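Have a look at the structure below before the remarks.
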Amino acid sequence: MTGLINLLTRPLLFAMEPEQAHGATIATLKHLPLPAAAPHDPCLAVDAFGLQFPAPLGMAPGFDKGGEVPDALLRLGFGSVEVGTITPLPQPGNPKPRLFRLKDDLAVINRLGFNSEGHAAPHARLVARAKRPGIIGVNVGANKESADRAGDYVTGIRAFADVAHYFTINISSPNTPGLRDLQQAAALDDLLARVIAARDEMSLQYGRKPLLLKIAPDLTAGDLDDIVRVARARGVDGMIVGNTTIERPPTLRSAEAHEAGGLSGRPLFELSTKMLAATYLRVEGQFPIIGVGGIDGPETAFAKIEAGATLLQIYSVLVFEGPALIGEIHRGLAHMLKARGQTLKQAIGTRAAHFAAGF
């Protein structure tokens, strides 16, 4: 089914401007009568953050910003879906064009800037599907013009505590001026103290929801040391490594490579995997990590696990490879684990020192 979808829709979508194609994809998923996903191989089940994931590969945020199609994405075979980033108030984001395909590099550059409907509409959608199965994370952010950005994250925790299975605190987008300043130790400590207090307060009514911190892939070693120290001290439940990068590898060939914004896709693999492994070594098993960036098949997915990822997320590669890749990655992971005689848990971090070399 997913292969047929890709065959029929890919030429049409590539004939559209990227953001228009994204909108068309969301609209199609809303109405496409997808069958239930085939059961995942039991060897792929993951226990993390107190949640039971049927498979490690999840849909990264940025695709379903407003929580419009999480169940369709689960039916495509994802083990989880993270919606957002969602800001408290509606905002249009940055001027268009702001999304670019780098076809020669299997990459994407975006400078969307947290375009968001605000809290109300996504919340209503997630309430409407709340009793359906599937793990749905909510990625919360701050409004561009907010006078209290940490307060915006607190508002997000309070707003979605009744529907989120976990929260991601996104302080690493490069497209909102000053947002990455929240990764600095003092600001991060204050932010985490406030959002964890809000989470714990809401836990009395809705149960405890894991809180994950999403960081940039282009930090210095000193910055990463500070972030992990604060994250461990404050007791976050996990980290996501990482967001898009502002770096431009010299290997990029596409004409659009000069565009400003965050780069994602295949060229991000080496940088993000090095950062993942360096984070894993610093975390010392205190909490799990989700690996994101440059995954384009089973081999790179398995490499992320060996670098320290307990769970995985993809998005940009689907622009080029289509939804059939989801099942391909999961089947490939199951095959590799069985061929090695390993469980997924046993494979986590086995090559972290290798991937972190030189960081």
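Just so you know, all these numbers are worked out from the coordinates, no wet-lab data involved. Quantities reported herein were computed from a predicted structural model and do not represent experimental measurements. Cβ: placed from backbone, ideal geometry, glycine included. Neighbour counts: every protein chain shown.
Annotations
- Counting only DSSP H runs of at least 4 residues, each contributing -39500 (n - 2.57), and dividing by the residue count of the chain, the helix-based mean residue ellipticity at 222 nm comes to -12500 deg cm²/dmol.
- Between Arg340 and Gln20, the modelled label-to-label distance comes to 4.5 nm, taking each label 7 Å out from Cα in the direction of the beta carbon.
- 3J(HN,Hα) couplings calculated from phi for the stretch 208-221 with the Karplus curve 6.51 cos²θ - 1.76 cosθ + 1.60 (θ = phi - 60°) are, in sequence order, 6, 9, x, 10, 10, 10, 9, 10, 6, x, 10, 8, 7, 4 Hz; Gly and Pro show x.
- Extension gain for Glu270-Ala357 works out to 30.2 nm (0.36 nm per residue, less the C-alpha to C-alpha distance).
- Distant-in-sequence amide contacts of Ala216, defined by a placed amide H-H separation under 5 Å and a gap of 5 or more residues or a different chain, comprise Asn243.
- Backbone geometry of the stretch 188-194 corresponds, through the Karplus equation with coefficients 6.51, -1.76 and 1.60 at θ = phi - 60°, to 3J(HN,Hα) couplings of 5, 4, 4, 4, 5, 4, 6 Hz, x marking Gly and Pro.
- For the stretch 1-152, convex hull volume per residue from C-alpha positions, Å³: 146 Å³
- Scaled radius of gyration (Cα, divided by 2.2 N^0.38 Å) that the stretch 2-356 gives: 0.91
- Alpha carbon convex hull of the stretch 200-332, projected area averaged over orientations, nm²: 9.9 nm²
- The stretch 190-256: proportion of alpha-carbon pairs further apart than 20 angstrom, %: 45 percent
- Distance from the alpha carbon centroid of the stretch 12-38 to that of the stretch 183-228 works out to 33 angstrom.
- For Lys274, the lysines whose Cα falls under 19 Å of its own Cα, not counting residues fewer than eight places away in the same chain, are Lys214, Lys304.
- Geometric descriptor of the stretch 75-119, per residue, is 109 Å³ (volume of the convex hull of the Cα atoms).
- Fewest-first ordering of Ser316, Ser272 by other beta carbons within 10 Å of each residue's beta carbon gives Ser272, Ser316.
- What separates the Cα centres of the stretch 74-105 and the stretch 285-327 is a distance of 17 Å.
- Least to most buried among Tyr206, Tyr166 (fewest other Cβ within 10 Å first): Tyr206, Tyr166
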